[in-house]
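**Q** Sharing a structure with you now.
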Amino acid sequence: ISEDELNRLATIQSVAEHRSLAIENSIFVPTSGIVRKGKHVFSKQPPTLAFLLAGPYWIMQRFGLTFAGNAALVAYLLTLIGATIPVALGAGLIYRLGRLFELPRPKRMLLAFTVALGSGLLSYGVVINAQAPAAALLLGSAACIAHVAISKRPGVTSGWLAVAGMAAMLAAKIGHPSACAN
């Protein structure tokens with residue numbers, strides 16, 4: 001596991017189990033990307049994605065699946081929830097946005113596959129990282145705006161603009177690189 005992923009998993013475990021961002025009680029021991037404040041150790045990563053994934057981990061705990069019991073399975077499931085599914089949804093949104101060009105289904109499928117593979121989105125779907133859900137949320141925001149733009153009755157679909165704004169805001173919060181600065 002990379003140091004980046006160790007930091008994220010340590011933060012997820014600390015938030016879900018100890019209700020704290022301090023990672024010194026985690027079973028994961030990152031050696032870089034950490035900040036010491038007094039007697040506590042914190043990850044330098046923005047905590048938004050860890051907060052979002054702490055919810056599914058908390059549910060897993062209630063069913064008896066913990067990092068202490070089976071760390072590999074929990075990390076795998078969190079990778080599915082936090083990276084693989086958003087990448088699949090992003091590719092689906094690219095397919096859906098292909099309707100703007102009035103492409104037939106096979107060409108839309110080829111477009112979605114090519115963009116997901118060529119942009120590197122597919123490679124982001126195998127590790128827990130902030131880029132995959134942020135990219136999927138930005139694609140979702142663009143899809144909402146496109147839906148409003150092509151709608152015959154934009155007044156009825158104006159709620160989609162709020163959804164687009166919320167998705168773009170959450171994408172910016174998840175993947176904001178300056179939040180990692182000291």
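**Q** With a 1.4 Å probe and all protein chains left in place, how much accessible area per residue does the chain have, in Å²?
**A** Values: 10310 Å² over 182 residues.
Here the per-residue accessible area is 57 Å².
**Q** Mean Kyte-Doolittle hydropathy of -1.0 or higher plus an axial Cα length of 20 Å or more: which whole DSSP H helices in the chain meet both? Could you put the intermediate results ahead of the total?
**A** Details: long enough: 48-62 (22 Å, 0.75); 131-150 (28 Å, 1.60); 159-174 (23 Å, 1.58).
Length and hydropathy pass: 48-62, 131-150, 159-174.
**Q** Stokes-Einstein at 20 °C, 1.002 mPa s, Kirkwood radius from Cα pairs: D for the chain in µm² s⁻¹? Don't skip to the answer; put the middle values down first.
**A** On the way: Rh = 17.8 Å.
The calculation lands on 121 µm²/s.
**Q** Now, a different point. I want the local charge near Phe101. Using Cβ-Cβ distances under 15 Å, sum +1 for each Lys or Arg and -1 for each Asp or Glu among the other residues. If you can, show how the numbers build up before the last one.
**A** Details: positive: Arg96, Arg99, Arg105, Lys107, Arg108; negative: Glu102.
Here the count lands on +4.
**Q** Roughly how many percent of the accessible protein surface of the stretch 72-151 is carbon and sulfur, given a 1.4 Å probe and a whole-percent answer? Walk me through the numbers on the way to the answer.
**A** On the way: 3230 of 4380 Å².
It is 74 percent, rounded to a whole number.
**Q** Would you mind counting up the charge near Ile27? Only other residues with Cβ under 14 Å from its Cβ, with Lys and Arg at +1 and Asp and Glu at -1.
**A** Values: positive: Arg8; negative: Glu5, Glu17, Glu24.
With Lys, Arg at +1 and Asp, Glu at -1, the neighbours total -2.
**Q** Additional query: At 0.36 nm per residue, and after removing the present C-alpha to C-alpha distance, how many nm does the segment from Ala162 to Leu117 gain when stretched out fully?
**A** Stretched fully, the Ala162-Leu117 segment lengthens by 13.2 nm.
**Q** With every protein chain present, what accessible area does Val35 have (1.4 Å probe, heavy atoms only), rounded to the nearest 10 Å²?
**A** Val35 has an accessible surface of roughly 40 Å² with all protein chains in place.
**Q** Around Tyr124, with a cut-off of 14 angstrom between Cβ atoms, what is the net charge of the other residues, counting Lys and Arg +1 and Asp and Glu -1?
**A** Numbers: positive: Arg8; negative: Asp4, Glu5.
Its environment carries a net charge of -1.
**Q** For the chain, what does -39500 (n - 2.57) per DSSP helix run (n ≥ 4), summed and divided by total residues, give at 222 nm, in deg cm²/dmol to the nearest 500? Don't jump to the answer; show the numbers that get you there.
**A** Numbers: 8 runs with 106 residues, N = 182.
The helix-only estimate for the chain comes to -18500 deg cm²/dmol at 222 nm.
**Q** How large is the accessible surface of Leu117 in square angstrom, using a 1.4 angstrom probe and rounding to the nearest 10?
**A** That residue has around 100 Å² of solvent-accessible surface.
The values are calculated or read from the model by the stated rules, or taken from the named source; none is laboratory data. Just so it is clear, the model here is predicted, and its values are computed rather than measured. Positions of Cβ are backbone-derived with ideal geometry, glycine not excepted, and every protein chain shown enters the neighbour counts. Only protein heavy atoms, including side chains, enter the accessible area calculation; ligands, DNA and RNA are left aside. Shrake-Rupley method; radii C 1.70, N 1.55, O 1.52, S 1.80 Å.
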